[in-house]
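The values are calculated or read from the model by the stated rules, or taken from the named source; none is laboratory data. Small disclaimer: the values here were computed from a predicted structure and weren't measured. No Cβ is skipped: glycine too gets one built from the backbone with ideal geometry, and neighbour counts run over all protein chains shown.
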2 protein chains.
Amino acid sequence: MLDATLSRIDNEMEQNLNRLFDFLKIKSISTDPEFKSDCVDAANWLVKDLESFGAKVEKYETGGHPIVLGHLGSESGLHILFYGHYDVQPVDPLELWDRDPFDPVLEKLPSGHVIRARGASDDKGQLMTFVEACRAWISQNGKLPFKVTFFFEGEEESGSPSLVPFMKKYKKEISSDIVLICDTWLFESRVPSIVTTLRGILKEEIIISGPDKDLHSGMYGGISTNPARVLTDVLSALHNHEGIVTIPGFYDEVSELPKNIKDQWEGLNFNHNQFLHDVGLSNPAGEKGRAPLEMIWSRPTCEINGLKSGYINEGFKTVLPSQASAKISFRLVGTQDPLKIRKSFREMVENHVPIDCKVTFSEHEASKASQMDTSSPGFEKAREAISEEWGTEAAFVGCGGSIPIAGHFQKITGVDPILIGFAKDDDQIHSPNEKYDLESFHRGIRSWVRVINSFSELQNV
Amino acid sequence: MLDATLSRIDNEMEQNLNRLFDFLKIKSISTDPEFKSDCVDAANWLVKDLESFGAKVEKYETGGHPIVLGHLGSESGLHILFYGHYDVQPVDPLELWDRDPFDPVLEKLPSGHVIRARGASDDKGQLMTFVEACRAWISQNGKLPFKVTFFFEGEEESGSPSLVPFMKKYKKEISSDIVLICDTWLFESRVPSIVTTLRGILKEEIIISGPDKDLHSGMYGGISTNPARVLTDVLSALHNHEGIVTIPGFYDEVSELPKNIKDQWEGLNFNHNQFLHDVGLSNPAGEKGRAPLEMIWSRPTCEINGLKSGYINEGFKTVLPSQASAKISFRLVGTQDPLKIRKSFREMVENHVPIDCKVTFSEHEASKASQMDTSSPGFEKAREAISEEWGTEAAFVGCGGSIPIAGHFQKITGVDPILIGFAKDDDQIHSPNEKYDLESFHRGIRSWVRVINSFSELQNV
């Protein structure tokens, strides 16, 4: 049963790829209103695809982009839910792409074949690994061994504003025994992994305004307040010289890493030199005295994601800008409360802003960090299954990114999700020239078939 | 002779305005290559207009935009040169304009009529005051009482790269007894003025680069260097908490204001509250302990004119940007050497940039401050003439802006130019909705007729 299904996958990779390419052609950039109808197209594409192998699917309208929910299998017994997102990151700067981000192609590199397109890795390719595994299982065996619910959203890259209200309203439909999420990485691009800690996130946008128009820096320079100078002062004050965030109370809810986790992470022999080298860097630049894996998995951060003020085009314009703005995000750990940190951050900014400047804040996403209980049903079975596929012992790892959906499941349906993904460090998600290795896609599908097979023994959890 | 010419001007204001409007319609933005042919159009328009009242005109090609030189009157005796520029500032942000910046209109405001268009005040309207004065004089009196050379360039708003090589090459053509420049203001929009000190300028652009692509702030945040943070640290370090520039040696060539000038400036009773109020501010934000007029006329500054990094569009993108850039300009005074300050600034930036970041510099304009000798020929005559026109004693004042052409004349032809202009503080030059008061244009033309009349007594200088 298992071997035949795995063989079927190997034989049908061309069809699997064709379906993924169709999906990748849809420009489902959720953060930019210009692409609203493309997001609807992507949701419709998923509805049709899930129905093609027998799922009962419903598309739910939200205040933003639609949510797709599909059910397969019997109503009683074990119930597995799989989550993924069909939306993708913006593509700018477009000029740094070697080709159209929405014209997917299979490229042959010295290291093997890669699927090149925006969303190939994050998250359309990963989402489709599970869809293809279910399709192959049904084709080979007639039906799945338990109930499966597919849960696909289209706002993951823009803060998921519709998600929590939806999950609360449709709590019954999305309650399950096990939750699977495919939006993470192989450790060091080779070790299959289950992410058991995730950093939270807080996103803030500030605009500092001074004079009521851009001014001539000759007429007004020296007497008038310059919002760009105020902004750089404020932002510079957010860290001290040791890389420590200076916002009052920022580290109050941050604990030191427990020894057993520290030991386990040390056992992974993380090659941080290679990790940094791959992006043109050489030196861990975070808090002094912290191990590299700690810096990215279990320490909070404060980063500038965008800066804008004054004249930014070619040439020069000696304006004193009337405004200066920044996008800033925080990665959170432990039990840090994003709303408490937002308040403290804003107070600190307000205190820096002088007479004649005012600051306005816009809020974006805010979510706490998550920690999974690996003794929950499915974790060990899943770990064994993916170890088998990749021929190497799978690891429980941390993740520096924020996948707020994990915490939402913990809070709303009371399940600690199992986060398994097949992306590689060099996939360039959120950057130009995103790709997904053909190996990730192929072995990803095979991995889920093994997980389905091993979960079939779990009928009474 | 004088009264008849002044009357002629009053009677021909409609024709004068029509000519100016034609000139204002030309989009001669010199800093943006997209408008290169518009700059040529503006030069051609001037050639044709000067020829229409008998000038011998030549248009000189340069590496950038053309220079127009026109001569009128006899070869012997007194020789007056008039300088202006036909190029204008960029118009962005375009959405803040109430109308098309290149569709000039006469608007009636409670305070009187204004000419609304980009370049109306800086410098097309001001340039045309002298042209119209000459035209009226010739129409009324047959010929000018001395030789006049018109010298118009098209790169003033983009650092005048072609100007000095041209002036050196055509030194003979541009050598004169007196130089007049019309690119300045009425003091507090009411007192006719001759600017006798000008700040110099140094423009620098820096790009700080870190990772070789934009990174995901979850995967890389905390371990990777962030160029936007490095940039804000560097820029924030350029001033201390007292508003003093911290670049080593910055104040070495800056002297305290001599007592007689200080007294004269105090006598002007500058209303800095009104000056700031007009642009939405209330508090002098410069160096602690300096008088407001000192801050803008005789103290050096360092200002941020542009900032750009990461994701700056609508929505949010949690990138760690690979680059961060800034445009910075310095206003210089006394004998500050722009090249020495450039070197010191760059060393300071280099010293702040950590491992894994590199900085690249681009140079733009650099020119020293200028001080005019008011005992040179023409200063007193001009001051009397404009006092007469405006009915109030004209003042010798400072100017915070940088009009490098003044220093070029001092160095190349050995003449201290007489800077007279009729712009008002609220003209919004370099900002959206630029305007020039009809009064400035009308009385400006009349002022020059009075200056021409008074210079006719100066045949032997």
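Looking only at the range A:186-194, decide whether some residue is surrounded by 20 or more Cβ atoms within 10 Å (Cβ to Cβ), of a type in the set (Gly, Ala, Ser) and part of a helix (DSSP H, G or I).
Scanning the range A:186-194 turns up no residue that is surrounded by 20 or more Cβ atoms within 10 Å (Cβ to Cβ), of a type in the set (Gly, Ala, Ser) and part of a helix (DSSP H, G or I).
Are any residues in the range B:414-428 in a loop (DSSP other than H, G, I, E, B) and either under 19 Å from B:Lys124 (Cβ atoms) or in contact with a Cys (Cβ under 9 Å, 6 or more places away or on another chain) (or both), and if so, which ones? Lay out the reasoning, then the answer.
First pass over the range B:414-428, keeping only residues in a loop (DSSP other than H, G, I, E, B): B:414-417, B:421-422, B:424, B:428.
Answer for the range B:414-428, where residues must be in a loop (DSSP other than H, G, I, E, B) and either under 19 Å from B:Lys124 (Cβ atoms) or in contact with a Cys (Cβ under 9 Å, 6 or more places away or on another chain) (or both): B:Gly421, B:Phe422, B:Lys424, B:Gln428.
Confirm whether A:Ser76 is of a type in the set (S, T, N, Q) and farther than 14 Å from A:Glu132 by Cα.
It is true that A:Ser76 is of a type in the set (S, T, N, Q) and farther than 14 Å from A:Glu132 by Cα.
Step by step: first the residues of the range B:207-223, then only those that are part of a strand (DSSP E or B) and buried (at least 24 other Cβ atoms within 10 Å of the Cβ), then the one that is farthest from the other protein chains (Cβ to nearest Cβ). Which residue is that? Walk me through how you get there before you give the answer.
To start, the set of residues in the range B:207-223 that are part of a strand (DSSP E or B) comprises B:207-209, B:215-216.
Now drop any that are not buried (at least 24 other Cβ atoms within 10 Å of the Cβ), which leaves B:208, B:215.
Values: B:Ile208: 11, B:Leu215: 6 Å.
Restricting to residues being part of a strand (DSSP E or B) and buried (at least 24 other Cβ atoms within 10 Å of the Cβ), the top hit is B:Ile208.
For the subset of the range B:429-461 comprising residues that are in a loop (DSSP other than H, G, I, E, B) and in contact with a Ser or Thr (Cβ under 8 Å, 6 or more places away or on another chain), which member is nearest to the other protein chains (Cβ to nearest Cβ)?
B:His430
Which residues, taken from the range B:90-106, are among the charged types (D, E, K, R) and either within 14 Å of chain A (Cβ to nearest Cβ) or part of a strand (DSSP E or B) (or both)?
Initially, the range B:90-106 is screened for residues among the charged types (D, E, K, R), giving B:92, B:95, B:98-100, B:103.
Matches in the range B:90-106: B:Asp92, B:Glu95, B:Asp98.
Can you tell me which residues in the range B:71-89 are assigned to a loop (DSSP other than H, G, I, E, B) and touching a helix residue (DSSP H, G or I) at 6+ places or on another chain (Cβ under 8 Å)? Write out each step before concluding.
Of the residues in the range B:71-89, the ones assigned to a loop (DSSP other than H, G, I, E, B) are B:73-78, B:86-87, B:89.
Hits for the range B:71-89 are B:Leu78, B:Tyr86, B:Asp87, B:Gln89.
What are the pairs, 6+ residues apart or on separate chains, where a residue within the range B:391-410 that is within 15 Å of B:Glu188 (Cβ to Cβ) has its Cβ under 9 Å from a residue that is surrounded by fewer than 24 Cβ atoms within 10 Å (Cβ to Cβ) and among the basic types (Lys, Arg)?
Every condition considered, the pairs that remain are B:Thr392/B:Arg190; B:Glu393/B:Arg383; B:Ala394/B:Arg383; B:Ala395/B:Arg383; B:Phe396/B:Arg383.
With the checklist (1) assigned to a helix (DSSP H, G or I); (2) over 23 Å from A:Tyr220 (Cβ atoms); (3) touching a helix residue (DSSP H, G or I) at 6+ places or on another chain (Cβ under 7 Å) in hand, flag the one item B:Lys340 doesn't pass.
It is condition (3) that B:Lys340 fails.
Of the residues A:Lys381, A:Lys317, A:Lys411, only one is crowded, with 18+ Cβ neighbours inside 10 Å, assigned to a helix (DSSP H, G or I) and of a type outside the set (Val, Ile, Thr); which?
A:Lys381
Which condition number does B:His241 fail, the rest of (1) modelled with pLDDT of 95 or more; (2) outside the structural domain of B:Gly407 (by TED's automatic domain parsing); (3) farther than 26 Å from A:Ser329 by Cβ being met?
It fails just one condition, (1).
Which condition from (1) more than 10 Å from chain B (Cβ to nearest Cβ); (2) more than 22 Å from B:Leu235 (Cβ to Cβ); (3) surrounded by fewer than 17 Cβ atoms within 10 Å (Cβ to Cβ); (4) modelled with pLDDT of 95 or more is the one that A:Ser362 breaks?
(1)
Which of the residues spanning the range A:4-40 are acidic (Asp, Glu) and either in contact with a Ser or Thr (Cβ under 7 Å, 6 or more places away or on another chain) or not assigned by TED's automatic domain parsing to the domain that holds A:Glu153 (or both)?
Selection gives A:Asp38 alone.
From the list A:Leu109, A:Leu127, A:Leu163, A:Leu198, which one is more than 17 Å from A:His442 (Cα to Cα) and either away from chain B (no Cβ under 14 Å) or among the β-branched types (Val, Ile, Thr) (or both)?
From the options A:Leu109, A:Leu127, A:Leu163, A:Leu198, the qualifying one is A:Leu163.
Which members of the range A:228-243 meet the condition of being of a type outside the set (Ser, Thr, Tyr) and surrounded by 14 or more Cβ atoms within 10 Å (Cβ to Cβ)?
Passing the criteria: A:Ala228, A:Arg229, A:Val230, A:Leu231, A:Asp233, A:Val234, A:Leu235, A:Ala237, A:Leu238, A:His239, A:Gly243.
So which residues in the range B:233-242 are within 9 Å of another protein chain (Cβ to nearest Cβ) and either aromatic (Phe, Trp, Tyr) or in contact (Cβ under 8 Å) with a residue 24 or more places away in the chain (or both), if there are any at all?
Once the filter is applied, which keeps residues that are within 9 Å of another protein chain (Cβ to nearest Cβ) and either aromatic (Phe, Trp, Tyr) or in contact (Cβ under 8 Å) with a residue 24 or more places away in the chain (or both), the range B:233-242 yields B:Asp233, B:Val234, B:Leu235, B:Ala237, B:Leu238, B:His239.
Name the residues in the range B:287-308 that are farther than 20 Å from B:Met348 by Cβ, within 7 Å of chain A (Cβ to nearest Cβ) and crowded, with 22+ Cβ neighbours inside 10 Å, would you?
Within the range B:287-308, B:Met295, B:Ile296, B:Lys308 qualify.
Take the range A:248-275 and flag every residue that is out of contact with any strand residue (DSSP E or B) (no Cβ under 7 Å at 6 or more places or on another chain), not in a helix (DSSP H, G or I) and not hydroxyl-bearing (Ser, Thr, Tyr).
Matches in the range A:248-275: A:Pro248, A:Gly249, A:Phe250, A:Asp252, A:Glu253, A:Val254, A:Glu256, A:Leu257, A:Pro258, A:Asn269, A:Phe270, A:Asn271.
One residue is enough: does the range B:327-336 have a residue meeting the conditions more than 13 Å from chain A (Cβ to nearest Cβ), surrounded by 20 or more Cβ atoms within 10 Å (Cβ to Cβ), farther than 21 Å from B:Asp252 by Cβ and touching a residue at least 24 places away in the same chain (Cβ under 8 Å)?
no
Which condition number does B:Asp437 fail, the rest of (1) modelled with pLDDT under 95; (2) in contact with a His (Cβ under 8 Å, 6 or more places away or on another chain); (3) not hydrophobic (A, V, I, L, M, F, W, C) being met?
Result: B:Asp437 fails condition (1) only.
Any idea which residue in the range B:245-272 is nearest to the other protein chains (Cβ to nearest Cβ), counting only those that are closer than 16 Å to B:Lys288 by Cα and exposed (fewer than 13 other Cβ atoms within 10 Å of the Cβ)?
B:Thr246
Identify all residues within the range A:124-163 that are closer than 25 Å to A:Asp41 by Cβ and not in a helix (DSSP H, G or I); write none if there are none.
Start the filter on the range A:124-163 by keeping residues that are closer than 25 Å to A:Asp41 by Cβ, which leaves A:124-135, A:148-163.
Correct list: A:Val148, A:Thr149, A:Phe150, A:Phe151, A:Phe152, A:Glu153, A:Gly154, A:Glu155, A:Gly159, A:Ser160, A:Pro161, A:Ser162.
Given the structure, is A:Asn283 among the polar types (S, T, N, Q), at the interface with another protein chain (Cβ under 10 Å from one of its Cβ atoms) and part of a loop (DSSP other than H, G, I, E, B)?
On the way: among the polar types (S, T, N, Q): yes; at the interface with another protein chain (Cβ under 10 Å from one of its Cβ atoms): yes; part of a loop (DSSP other than H, G, I, E, B): yes.
Taking the combined requirement at face value, the residue satisfies it.
Mind listing whichever residues of the range A:199-238 are within 29 Å of the chain's Cα centre (by Cα), at pLDDT 95 or above and small (Gly, Ala, Ser)?
A:Ser236, A:Ala237
Given the residues A:Arg135, A:Arg99, which is the only one that is crowded, with 23+ Cβ neighbours inside 10 Å, out of contact with any His (no Cβ under 9 Å at 6 or more places or on another chain) and on the phi < 0 side of the Ramachandran plot? If you could, list the steps in order and put the result at the bottom.
Numbers: A:Arg99 fails: crowded, with 23+ Cβ neighbours inside 10 Å.
Matching residue, one of A:Arg135, A:Arg99: A:Arg135.
Is it the case, given these coordinates, that A:Leu293 is part of a helix (DSSP H, G or I), of a type in the set (A, V, I, L, M, F, W, C) and not assigned by TED's automatic domain parsing to the domain that holds A:Leu215?
Taking the combined requirement at face value, the residue satisfies it.
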